[in-house]
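What follows is a set of notes on a single structure, which appears directly below.
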Amino acid sequence: MKQMIRVALPKGRLGESVYKLFDEIGYGCPEILENSRKLIFENEEKGVCYFWVKPSDVAIYVEHGAADVGIAGLDILLEQEPDVFELLDLGLGKCRIAVAGRKGALSGTGKTLRVATKFPNIAKNYYAEQSREIEIIKLNGSIELAPIVNLSDVIVDIVETGKTLKENNLEVLEEITSISARMIVNKASFRFKTQQIEEVCDKMRNRILSENKDNTL
């Protein structure tokens, strides 16, 4: 019997897309698609075990060894800075982290910039590189509201289409980085299950390359 590889999948559309990739490369577990209250899904023949977790918790499960492998957005990895290995960019869930606000909000370099965000570490690191003094205002929702009601000068947030910004008379002022889903692995797991994990990673990489090639034809 193969050693079991434990995979933490993010709940939601991204996790469903990722599971589909695992299924396509031969690591399916049909039970996961059933409507049940089970939390863990195993396929002993394939040597794989899946469980769904909140996207922001994936890296925590992997870092602490509860999962060998996980799928997390680069935004979460940059914010949490977990002690894990990043193996592969899956190219899924593409968007960007940006500074947004009213036009001209970044003018006046002499004053402390008030930044509302769900990502305080990303914001701090970004502005530290610019030697810009900032005040972080940590929010958990409705980030776009902050500059509208003068709670902040700008926001640092994930931007997909920019439609919400435009509808509220805000705009992207600076782009911090592009983000996408990444395959991460626990460091100890990679040491003890190297062959199996690399096999999964190689198959996933080849599948992604094949899909990208098909999409360009």
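The values are calculated or read from the model by the stated rules, or taken from the named source; none is laboratory data. What you see is a predicted model; the values in this text were computed from it and never measured. FYI the Cβ positions are ideal-geometry reconstructions off the backbone, even for glycines, and counts take in every protein chain you see. The area values use the complete protein model at the heavy-atom level, side chains included, leaving out ligands, DNA and RNA. Shrake-Rupley method; radii C 1.70, N 1.55, O 1.52, S 1.80 Å.
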**Item:** Carbon/sulfur fraction of accessible area - the range 1-159, other protein chains in place, 1.4 Å, %
**Value:** 49 percent
**Request:** In debye, nearest 20, what is the charge dipole magnitude of the chain about its Cα centre with +1 on Lys and Arg Cβ and -1 on Asp and Glu Cβ, if you could check?
**Result:** 280 debye
**Message:** Which one, ASN169, VAL156, ALA188, projects farthest toward the positive side of the charge dipole computed for the range 138-217 from Cβ point charges (K/R +1, D/E -1)?
**Reply:** ALA188
**Prompt:** If you keep only loop residues by DSSP, which GluC sites (Glu not before Pro) in the range 15-62 have at most 12 other Cβ atoms within 10 Å of their Cβ?
**Reply:** GLU34, GLU44, GLU45
**Inter-label distance, nm, simple model (7 Å from Cα along the C-beta direction), LYS46/MET4** = 1.5 nm
**Prompt:** If you stretched the chain out fully between SER131 and GLU160, how much longer would it get, using 0.36 nm times the residue separation minus the C-alpha to C-alpha distance?
**Reply:** 7.7 nm
**Prompt:** Between GLN195 and ARG102, what length in nm is gained on full extension when 0.36 nm per residue of separation is reduced by their alpha carbon distance?
**Reply:** 28.4 nm
**Message:** Can you give me the accessible area per residue for the chain, using a 1.4 Å probe, in Å²?
**Reply:** 56 Å²
**Prompt:** Given H placed 1.01 Å from N in the peptide plane, which residues other than close sequence neighbours of GLY91 have an amide H under 5 Å from its amide H?
**Reply:** ALA181
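So if R0 is 35 Å, what FRET efficiency would LYS111 and SER56 give, r being the distance between their Cβ atoms, rounded to the nearest 0.05?
Rounded to the nearest 0.05, the efficiency is 0.65.
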**Complete:** Out of PHE85, ALA116, TYR61 - ranked by how far each Cα lies towards the positive end of the dipole of the range 59-202, with unit charges on the beta-carbon of charged residues - the top one is ALA116
**Item:** Helix 13-24 axis, angle to the chain major axis (alpha carbon atoms, nearest 10°)
**Value:** 30 degrees
**Prompt:** How do 173-182, 142-151, 4-13 rank on mean C-beta neighbours within 10 Å, highest first?
**Reply:** 4-13, 173-182, 142-151
**Prompt:** Relative to the first principal axis of the alpha-carbon coordinates of the chain, what is the inclination of helix 120-129, with its axis defined by its Cα atoms, in degrees from 0 to 90 and to the nearest 10?
**Reply:** 60 degrees
**Message:** Quick check for you: which residues of the range 45-78 have the amide N under 13 Å from the point 7 Å beyond the Cα of ALA188 toward its beta carbon?
**Reply:** 62-68
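For the pairs LYS54/LYS103; LYS54/LYS163; LYS118/LYS193; LYS166/LYS203; LYS163/LYS187; LYS20/LYS124, note any where the Cα-Cα span goes beyond 29 Å.
Flagged as over cut-off: LYS54/LYS103; LYS118/LYS193; LYS166/LYS203; LYS163/LYS187; LYS20/LYS124.
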**Request:** List, in order, the whole-Hz ³J(HN,Hα) value for each residue of the range 153-166 obtained from phi through the Karplus relation with A = 6.51, B = -1.76, C = 1.60 and θ = phi - 60°; use x for Gly and Pro.
**Result:** 7, 9, 10, 10, 7, 6, 10, 9, 9, x, 5, 4, 4, 4
**Asked** What angle, in degrees between 0 and 90 and rounded to the nearest 10, separates the Cα long axis of helix 194-216 from the longest principal axis of the Cα atoms of the chain?
**Response** 60 degrees
